[in-house]
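**Student:** The structure's right below; bear with me while I get my questions together.
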Amino acid sequence: MIEKRPPRQERQPHSLSEQDKEQISKITLGIDDVPDDLVRAALPDLIGRLETNSHPLNKIWRDENGEIVGYVVFDDGVEKGYIKYFGTNKASGLSAFTEISKVLEEAKKLGYQQLSFHGWNPKLNKILGRFGFERKGTENWGGEHVNYYILSLDNEKKKKQETPEDFQFKQLQKILRDIEEFKTKYLGEKVEEISRRAEEVKNRLLARIEREGDLNFSEIAKANLELKLLRYFQTNESIDENTLFDAVIETPKFFNKSKGSLERLFEIHQQKTLMRIAEMRKKRAEQTGNEDFNPFENLFETSSGNYYMARLLNMPHLEEESEYMDHCVGTSNSYINRIKKGEIEIFSFRLTPKYDKESGKLQGDAPLLTIEYNLKKKKIEQIKGPDDKLLTGAEEYFQEFLEALEKLEKTKNDLGKNREIREIEDSELKNISVGNDQLLINEGFIDVNDFNEDTGTIFKMGQFTERTSDEKFTEIINAKYGTHYEIGEIARTPEEINENTRFYPGDLDESHLDILREKIKNPFHLGGYLYLSNLKTAKNLTLPQTVGGFLYLSNLKTAKNLTLPQTVGGHLDLSSLETAEGLTLPQSIGGNLSLWNLKSAEGITLPQTVGGDLYLRDLETAENLTLPESVGGHLNLSNLKTAENLTFPQSVGGGLNLWSLEDAEDITLPQSVGGNLDLRSLKTAEGLNNLPEIINGDIYLNSLSLKEREKLAQRYPQHREKIFAY
């Protein structure tokens, strides 16, 4: 039987002027990640097809001035349409995105059953992927590995009643189009900066939801989150991510629709917090006064004796803190659960109670500041006053609070280790103004020229001007970062970085790629973050030998030409990497290591230590995988089908996710798991002979029969209550 080609409504070929051809050439030569020789070889064919081919789906998109901003060119097949060429210019902000849906609808009307393309450009692949194109394999073209994508166009669906899945798909596509339209219409020159900021906040929030929140966040909710973040950052420079997390967990349905700003979400969160606080106050007022005494842990007093630092130990403590402070630390189980897992400590900086002669009682014990301290990162993540107000530096107790931070570092936690404070979250100090050539230390504000080797910890620095000598600047930076550089080896600004620079204390991003590709010579060390979230290729890129903060390479899909730093102090985001071929990871990562999309562990050597979470979500086999000796946070191996020959770390600081594991034979689990142990697909408990001695969360064994769970409970009586948790 001979298949019929879809009906052809042939159009007149496009008439292209010389200016049109120049614009098409400029767009094509500007497409990232396509080898130059292939692009130049394809140009004559591309222009020729537009001029001579009358394919009904060929499109040229123009802006309001008539200039070409994009094109799509098809190479026909029987009942199939192959996208031969597709491109848009960068200045358009991918305005052609809104036209793609029209092309798909037209293809359906013409009877096409399938569209396909070979994806060279990751950004365009991602855009088309949002319309349902799925990667079906990888092919070798001229020595280059290229992904092949297919979209099935089932015209029979239009005759059937629309299913909920169909409706959700359409809804998602509309939100994604709204995102691109918002970027194009409203963000202007700041589109890349705001898009990057929104993407990073979204990724951190979703990762935290997976770790800490019992919440299934749909693709529609994720898209709405991105849209709302873009709108928020259009008029705001920063966002309180802790408050955002609490608000999302509290009201997840807010993200089922595009309507409603994040400002409104924060208002709802505040209203709910105040309602819960009112309920707690009412409950406490109804108490008889016979309740057991439940004291805070008093760590120390300040030198004046007017203030003291307390550690909050349990839920009643957190509830009482919320009652006084009108914030959310005690209004949900979020903070107390993290305390129990050993992730954080909550401190209360308080007025010292005084003896009142008339009443014969202590009076005046009241909180002034609530402090969240991350035990793993050795970082103060929140400092909040009443109503979540931030410090300004003008408080009458400010100087003594700085003294309290210094004393806090000399106290020991439950493991007998000093509470070292490596840093304070920048957002918590943003309302404190530090003048040019000034420092904020634990003695207060000082001029840089008063700085000496006996000066205490530097919390925040103002801008350095020419009044600060190179010698003093070098001395201050070395004290702040614990380095030992000579004069002239530290740059004050990115523009000062040259081949003699060995250290830059700030952050770098995509706008500094020329520095990373042309100016730095290793050993070069970066004190701050390195944001390269939009980078698609590591060609001609020189990364620092060490990065003190986060390193974001979240869109890099291949490790070709990539040489990573030896150490990364914060998170390392390689979440789009699909193969570890040619990848050498740092020896040490202080934060999270994200390898979400890695399909195979072949050729990869993981760091010896990962201070935060380790995400290996898409790995299905442990073959060739050697895990780090230490994982400080969660370990996500949720798609692992077999753990044969896999050796786990002795302890995992957070939860251990083995969601897809069906057989526990030959598995040796860690001795300690700081969060949940997820074995929900385990079909039999046979072979599960070594549950961790310590599990601070729940044990998910949803697929086991009641009888088998009872056997485990008898074998591990200390885990009985946890084994039955769902």
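**Student:** Could you check region 537-590 and list, in sequence order, the residues that are of a type in the set (S, T, N, Q) and under 22 Å from Thr501 (Cα atoms)?
**Tutor:** Asn540, Thr542, Gln545, Thr546, Thr563, Gln566, Thr567
**Student:** Please return the ranges of strands (runs of 3 or more DSSP E) entirely within region 362-449 where 1 or more residues are under 30 Å from Val631 (Cβ atoms).
**Tutor:** By residue number, 366-374, 379-384.
This table checks each residue for (1) under 17 Å from Asp240 (Cβ atoms); (2) touching a residue at least 60 places away in the same chain (Cβ under 8 Å).
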position: Leu172; (1), (2): no, no
position: Glu192; (1), (2): no, yes
position: Arg197; (1), (2): yes, no
position: Leu215; (1), (2): no, no
position: Glu219; (1), (2): no, no
position: Leu225; (1), (2): yes, no
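**Student:** For region 440-455, name all the residues that are in contact with a helix residue (DSSP H, G or I) (Cβ under 6 Å, 6 or more places away or on another chain) and at pLDDT below 85.
**Tutor:** Asn442
**Student:** Restrict the check to region 270-286 and report whether at least one residue is out of contact with any Pro (no Cβ under 9 Å at 6 or more places or on another chain), surrounded by fewer than 18 Cβ atoms within 10 Å (Cβ to Cβ) and modelled with pLDDT of 85 or more.
**Tutor:** No.
**Student:** Could you list, ordered by first residue, the pairs with Cβ atoms under 9 Å in which the first is in region 559-576 and closer than 21 Å to Gly528 by Cβ and the second is of a type in the set (Asp, Glu), at least 6 apart or interchain?
**Tutor:** His571/Asp613; Asp573/Glu200
**Student:** Separate question: Would you confirm, using the coordinates I've provided, whether Glu423 is closer than 17 Å to Ile458 by Cα and either surrounded by 14 or more Cβ atoms within 10 Å (Cβ to Cβ) or of a type in the set (Gly, Ala, Ser) (or both)?
**Tutor:** yes
**Student:** Can you pull out the residues in region 373-395 that are more than 17 Å from Arg350 (Cα to Cα) and touching a residue at least 60 places away in the same chain (Cβ under 8 Å)?
**Tutor:** Lys376, Lys377, Glu381
Results for (1) in contact with a helix residue (DSSP H, G or I) (Cβ under 9 Å, 6 or more places away or on another chain); (2) modelled with pLDDT of 85 or more, shown as yes or no for each residue.
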site: Thr647; (1), (2): no, yes
site: Glu662; (1), (2): no, yes
site: Gly674; (1), (2): no, no
site: Asn689; (1), (2): yes, no
site: Phe724; (1), (2): yes, no
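Residues are listed down the side, and each one gets a yes or a no for (1) surrounded by fewer than 19 Cβ atoms within 10 Å (Cβ to Cβ); (2) within 28 Å of the chain's Cα centre (by Cα); (3) not assigned by TED's automatic domain parsing to the domain that holds Glu199:
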{"position": "Glu466", "(1), (2), (3)": "yes, no, yes"}
{"position": "Ser469", "(1), (2), (3)": "yes, no, yes"}
{"position": "Thr501", "(1), (2), (3)": "no, no, yes"}
{"position": "Glu510", "(1), (2), (3)": "yes, yes, yes"}
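The values are calculated or read from the model by the stated rules, or taken from the named source; none is laboratory data. Since the model is a prediction, treat every value here as computed from it, not as a measurement. Methodologically, a virtual Cβ is constructed for each residue, glycine included, from the backbone with ideal geometry; neighbour enumeration extends over all protein chains shown.
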